[in-house]
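Undergrad: Have a look at this one before I ask anything.
The values are calculated or read from the model by the stated rules, or taken from the named source; none is laboratory data. For clarity, every value in this text was computed on a predicted model and none was experimentally measured. Note that we place each Cβ from the backbone using ideal geometry, even for glycine, and neighbour counts take in every protein chain shown. These area figures cover heavy atoms from the full protein model, side chains too; ligands, DNA and RNA do not enter into them. Shrake-Rupley method; radii C 1.70, N 1.55, O 1.52, S 1.80 Å.
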Amino acid sequence: MVLERLSSAINSAIKRVMRAPLVDERVVRELIRDIQRALLQADVNVKLVFDLSKKIEERVLKEKLPPGITRRELLLKVVYEELVNLLGGETTPSVLPSGKKPYILMLVGIQGSGKTTSVAKLALFYKRKRFKVGVVCADNFRPGAFAQLRQLGELIGVPVYGRERAESSIALAVEGVRKFASEGYDIIIVDTAGRHKEEKGLIDEMKQIAEAIKPDEIMLIVDGTIGQQAFVQAKAFHEATRIGSIFITKLDGSARGGGAISAVAATGAPIKFIGVGEKVDEIEVFSPPKFVSRLLGMGDLEALVEKVKAAEAMPRKEVAERFISGRFTLMDLLEQFQSIRKMGPLSKILKLIPGFSFSLPEGFEEVTEDKIKRYIAIMQSMTEEELLKPEIINRSRMKRIAIGSGTAVRDVRELLNQYRAMKKMLRQFKRKARRFPFKGDFRRL
Ligand SMILES: Nc1nc2c(ncn2[C@@H]2O[C@H](COP(=O)(O)OP(=O)(O)OP(=O)(O)O)[C@@H](O)[C@H]2O)c(=O)[nH]1
Ligand SMILES: [Mg+2]
């Protein structure tokens, strides 16, 4: 496991929470303190650590508990989410090259950061995904650079273009890319020289080579053992190129890896891979949610997070009953739409309404996220009376509502039609459900 120490510290803090008979303020504060200590030891920036602790504390102590969810579950969800944010957020960047062929991937990084090793790892990674991969050695600076890469190439069965003692690294890069491109390769990975100890010179040279070979992606190789110092490098790089991604190496056995990952994430540059050993297959695709699940040492955290989110989107009991019977008002619909905005497509949302878990009337899926936003705006421009008694909404009221919500009368009418259609469907549904009684638990969530 990467970052053993960080992982085991956070892991045992979480276990204490699991064992605590009652999750009260004291337990929350203790957990936060343990997490702080663990992150600081992993060289995470002090300010980031304090921001994170404050957010966890606020959310856990202030957020209302959704029905059926314990404070313990909420605490775990919040810790998980805030750690995921710290390490780069919910989405995992795509590591598969775009359709363009050949896809030219150029690696840069300061001296000894692990470029050449990572070139081999990436080549093997993509080869195993059935891409035809060629590697170009554009390092004419370090003696033996070509020999090192050729050896790695032989090991993984990938051709390497290069020359001992070439005059110009740019010419080498151009020749290599041209050769593999003409032979129909899918991905061409270009290794460059690490003659720089600092960011500035590195970026100037990167621009020169990039100018010549027009890469589709430039990947910065960052040595994970430098901890939060990685911030400066990643920031300069991220500002210099729009097509940049990051590979953090040497995360095996590095106590400061947490610092490197969070520092790079803070620059907004996407971390795509991490290196976890010297061998050519010791590479991992970086995914903050997966990484954090492992850090916390809990297998099914993502499922827990979903459960809490679902409970948060759950209508109140009376509202749920009005939904099932088709007697709901626009007020109910507005309340429900607002609480589930985070949940995504309506089809998913409706599954949360008791009684709907088994099937979904056709047509419902068509209500898209954009529409939900528009509907919310429209309903927010209605008076309370209109929300409770939509039948009073005549043409002139529609006009006023449309203006108030920045939409068109057509949109207001569409919402009302949808509302009526939903009610009708729900009533029919209920009749059917009576014939085939729904045996599930209404309070399943
Ligand atoms: N433990 C560990 N070592 C790594 C990892 N990646 C690279 N290394 C080691 O780091 C050292 C430098 O690696 P190289 O790949 O030669 O680095 P480079 O950036 O190409 O170096 P220059 O071309 O001289 O700038 C080697 O000893 C590698 O074995 C990793 O993920 N884990
Ligand atoms: Mg090298």
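Undergrad: Tell me, which residue of the range 140-193 that is of a type in the set (D, E, K, R) and within 13 Å of ligand 1 (Cβ to nearest atom) is most open to solvent (accessible area, probe 1.4 Å)? Walk me through it before giving the result.
TA: Taking the range 140-193 first, the residues of a type in the set (D, E, K, R) are 142, 150, 154, 163-165, 167, 175, 178-179, 183, 186, 191.
This time we only want the ones that are within 13 Å of ligand 1 (Cβ to nearest atom), so: 142, 191.
Working: 142: 112, 191: 2 Å².
Step by step, filter the range 140-193, then rank; the result is 142.
Undergrad: Next question. Please find, within the range 194-226, the residue that is nearest to the chain's Cα centre (by Cα) out of those that are within 14 Å of ligand 1 (Cβ to nearest atom) and basic (Lys, Arg).
TA: 197
Undergrad: Report, ordered by the first and then the second residue, all pairs with beta carbons closer than 9 Å, sequence separation of six or more or different chains, a first member in the range 123-147 that is touching a residue at least 12 places away in the same chain (Cβ under 8 Å) and aliphatic (A, V, I, L, M), and a second member that is more than 16 Å from ligand 1 (Cβ to nearest atom) and open to solvent by 60 Å² or more (accessible area, probe 1.4 Å).
TA: Cβ pairs passing all conditions: 133/127; 136/175; 136/179.
Undergrad: Can you name every residue in the range 48-68 that is over 20 Å from residue 288 (Cα atoms) and surrounded by fewer than 20 Cβ atoms within 10 Å (Cβ to Cβ)? Full working, then the answer.
TA: Filtering the range 48-68 down to residues over 20 Å from residue 288 (Cα atoms) leaves 54, 57-68.
Across the range 48-68, the qualifying residues are 54, 57, 58, 59, 61, 62, 63, 64, 65, 66, 67, 68.
Undergrad: Please verify whether residue 60 is modelled with pLDDT under 95 and in contact with a strand residue (DSSP E or B) (Cβ under 8 Å, 6 or more places away or on another chain), treating the condition exactly as stated. Don't jump to the end; show me each part of the working.
TA: Details: modelled with pLDDT under 95: yes; in contact with a strand residue (DSSP E or B) (Cβ under 8 Å, 6 or more places away or on another chain): no.
No.
Undergrad: Take the conditions of a type in the set (Ser, Thr, Tyr), within 16 Å of ligand 1 (Cβ to nearest atom) and buried (at least 23 other Cβ atoms within 10 Å of the Cβ) and apply them to residue 262. Does it pass? Even if it seems obvious, please write down each step before you answer.
TA: Details: of a type in the set (Ser, Thr, Tyr): yes; within 16 Å of ligand 1 (Cβ to nearest atom): no; buried (at least 23 other Cβ atoms within 10 Å of the Cβ): yes.
No; evaluated as a whole, the condition is false for this residue.
Undergrad: Being modelled with pLDDT of 90 or more, open to solvent by 50 Å² or more (accessible area, probe 1.4 Å) and closer than 11 Å to residue 272 by Cα is the filter here; which residues of the range 80-95 pass it?
TA: none
Conditions tested, residue by residue: (1) open to solvent by 30 Å² or more (accessible area, probe 1.4 Å); (2) touching a residue at least 24 places away in the same chain (Cβ under 8 Å); (3) charged (D, E, K, R).
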{"residue": "214", "(1), (2), (3)": "yes, yes, yes"}
{"residue": "239", "(1), (2), (3)": "yes, no, yes"}
{"residue": "246", "(1), (2), (3)": "no, yes, no"}
{"residue": "296", "(1), (2), (3)": "no, yes, no"}
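Undergrad: Okay, next question. Among the listed residues 174, 190, identify the single one that is within 16 Å of ligand 2 (Cβ to nearest atom) and either in the same structural domain as residue 272 (by TED's automatic domain parsing) or touching a residue at least 24 places away in the same chain (Cβ under 8 Å) (or both).
TA: Values: 174 fails: within 16 Å of ligand 2 (Cβ to nearest atom).
Result: 190 is the single residue among 174, 190 that is within 16 Å of ligand 2 (Cβ to nearest atom) and either in the same structural domain as residue 272 (by TED's automatic domain parsing) or touching a residue at least 24 places away in the same chain (Cβ under 8 Å) (or both).
Undergrad: Considering only residues that are within 23 Å of the chain's Cα centre (by Cα) and touching a residue at least 24 places away in the same chain (Cβ under 8 Å), look in the range 92-117 and name the one that is farthest from ligand 1 (Cβ to nearest atom). Don't jump to the end; show me each part of the working.
TA: The initial filter retains those residues of the range 92-117 that are within 23 Å of the chain's Cα centre (by Cα), namely 92-99, 105.
Those left that are additionally touching a residue at least 24 places away in the same chain (Cβ under 8 Å): 92-93, 95-98, 105.
Details: 92: 20, 93: 19, 95: 16, 96: 21, 97: 22, 98: 26, 105: 15 Å.
Ranking the candidates gives 98 first.
Undergrad: I've got another one for you. Taking residue 269, is it part of a loop (DSSP other than H, G, I, E, B), more than 16 Å from ligand 1 (Cβ to nearest atom) and either more than 14 Å from residue 83 (Cα to Cα) or modelled with pLDDT of 95 or more (or both)? First the steps, then the outcome.
TA: Working: part of a loop (DSSP other than H, G, I, E, B): yes; more than 16 Å from ligand 1 (Cβ to nearest atom): yes; either more than 14 Å from residue 83 (Cα to Cα) or modelled with pLDDT of 95 or more (or both): yes.
Against the criterion (part of a loop (DSSP other than H, G, I, E, B), more than 16 Å from ligand 1 (Cβ to nearest atom) and either more than 14 Å from residue 83 (Cα to Cα) or modelled with pLDDT of 95 or more (or both)), residue 269 qualifies.
Undergrad: Please state which of the following conditions residue 112 fails to meet, knowing it meets all the rest: (1) within 11 Å of ligand 2 (Cβ to nearest atom); (2) closer than 19 Å to residue 251 by Cα; (3) crowded, with 17+ Cβ neighbours inside 10 Å.
TA: (3)
Here's the yes/no breakdown for (1) within 16 Å of ligand 2 (Cβ to nearest atom); (2) at pLDDT 95 or above; (3) not charged (D, E, K, R):
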| residue | (1), (2), (3) |
| --- | --- |
| 202 | yes, no, yes |
| 239 | no, no, no |
| 244 | no, no, yes |
| 251 | no, no, yes |
| 264 | no, no, yes |
